[in-house]
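Input: a single structure, listed below in structure tokens.
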Amino acid sequence: MPASADRKHRIVTAFQRRIANPLNRRLPFQTLLETTGRTSGLPRQTPVGGRRVGESFWLVSEFGQKSQYVRNIQADPKVRVRLAGRWHHGTAHLLPDDDPRTRLSALPFFNSTAVRAFGTDLLTVRVDLED
């Protein structure tokens, strides 16, 4: 990762961890992705933007393999997604061959704009919902 992209990653993730994510997790209808911590084994909830299409939930990770939730998915793809205040179990799939920029055009505008602006290594994630 180039130095400017690395710096951008550090600044954005520091802001997300300390300010944005703690606030967004408290919003009752914020979409959350819950993974299992690959080291701790504890549930980790991350606010995400995406869209349900049929029995799948689609999102784009702005930092790809460097995102902590992506690394957790690699260790254990079983996840939960909170949509409109209701939790759904599912299995996450990382889709490196999918075009994340095209995918973003089909996802909610505000989040997609932020992912395009701040992201350095976009990666599509599909969660196949079980309930």
- Please work out which residue is nearest to Val53 (Cα to Cα), limiting yourself to region 101-124 and to residues that are in contact with an Asp or Glu (Cβ under 9 Å, 6 or more places away or on another chain) and at pLDDT 95 or above. Thr124
- Query: When you go through (1) more than 11 Å from Ser61 (Cα to Cα); (2) open to solvent by less than 80 Å² (accessible area, probe 1.4 Å) one by one for Ser105, which number turns out not to apply?
  - Reply: (2)
- Could we say that His93 is open to solvent by 50 Å² or more (accessible area, probe 1.4 Å), modelled with pLDDT of 95 or more and out of contact with any Leu (no Cβ under 9 Å at 6 or more places or on another chain) here? yes
- Selection from region 76-90 of residues that are among the basic types (Lys, Arg), open to solvent by 50 Å² or more (accessible area, probe 1.4 Å) and touching a residue at least 40 places away in the same chain (Cβ under 8 Å): Lys78, Arg80
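Determine whether Gly54 is more than 11 Å from the chain's Cα centre (by Cα) and free of Cβ contacts under 8 Å to residues at least 60 places away in the same chain.
Values: more than 11 Å from the chain's Cα centre (by Cα): yes; free of Cβ contacts under 8 Å to residues at least 60 places away in the same chain: yes.
Yes; evaluated as a whole, the condition is true for this residue.
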- Message: Given the condition more than 18 Å from Ala5 (Cα to Cα), charged (D, E, K, R), in a strand (DSSP E or B) and at pLDDT 95 or above, answer yes or no: does some residue in region 56-78 qualify?
- Response: yes
- Neighbours by Cβ (under 7 Å, 6+ apart or cross-chain): first from region 94-112, closer than 12 Å to Leu122 by Cβ; second hydroxyl-bearing (Ser, Thr, Tyr): Leu95/Thr124; Asp98/Thr124; Pro100/Thr124; Arg103/Thr124; Leu104/Ser112
- Subset of region 113-128 (residues that are aliphatic (A, V, I, L, M) and surrounded by fewer than 18 Cβ atoms within 10 Å (Cβ to Cβ)): Ala114, Ala117
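Looking at region 88-121 only, could you name the residues that are hydroxyl-bearing (Ser, Thr, Tyr) and under 17 Å from Tyr69 (Cα atoms)? Can you show your working first?
First, the residues of region 88-121 that are hydroxyl-bearing (Ser, Thr, Tyr): 91, 102, 105, 112-113, 120.
Within region 88-121, Thr91, Thr120 meet the criteria.
Which of the following residues is among the acidic types (Asp, Glu), open to solvent by less than 50 Å² (accessible area, probe 1.4 Å), in a loop (DSSP other than H, G, I, E, B) and over 22 Å from Asp6 (Cα atoms): Asp98, Asp131? Step through it out loud before you land on a result.
Values: Asp131 fails: open to solvent by less than 50 Å² (accessible area, probe 1.4 Å).
Going through Asp98, Asp131 in turn, the sole match is Asp98.
The values are calculated or read from the model by the stated rules, or taken from the named source; none is laboratory data. Just so you know, these numbers come straight off a predicted model, no measurement behind them. Note that each Cβ is placed from the backbone with ideal geometry, even for glycine, and that neighbours are counted across all protein chains shown. When the accessible area is computed, the model is the full protein with side chains, heavy atoms only, and any ligands, DNA or RNA have been set aside. Shrake-Rupley method; radii C 1.70, N 1.55, O 1.52, S 1.80 Å.
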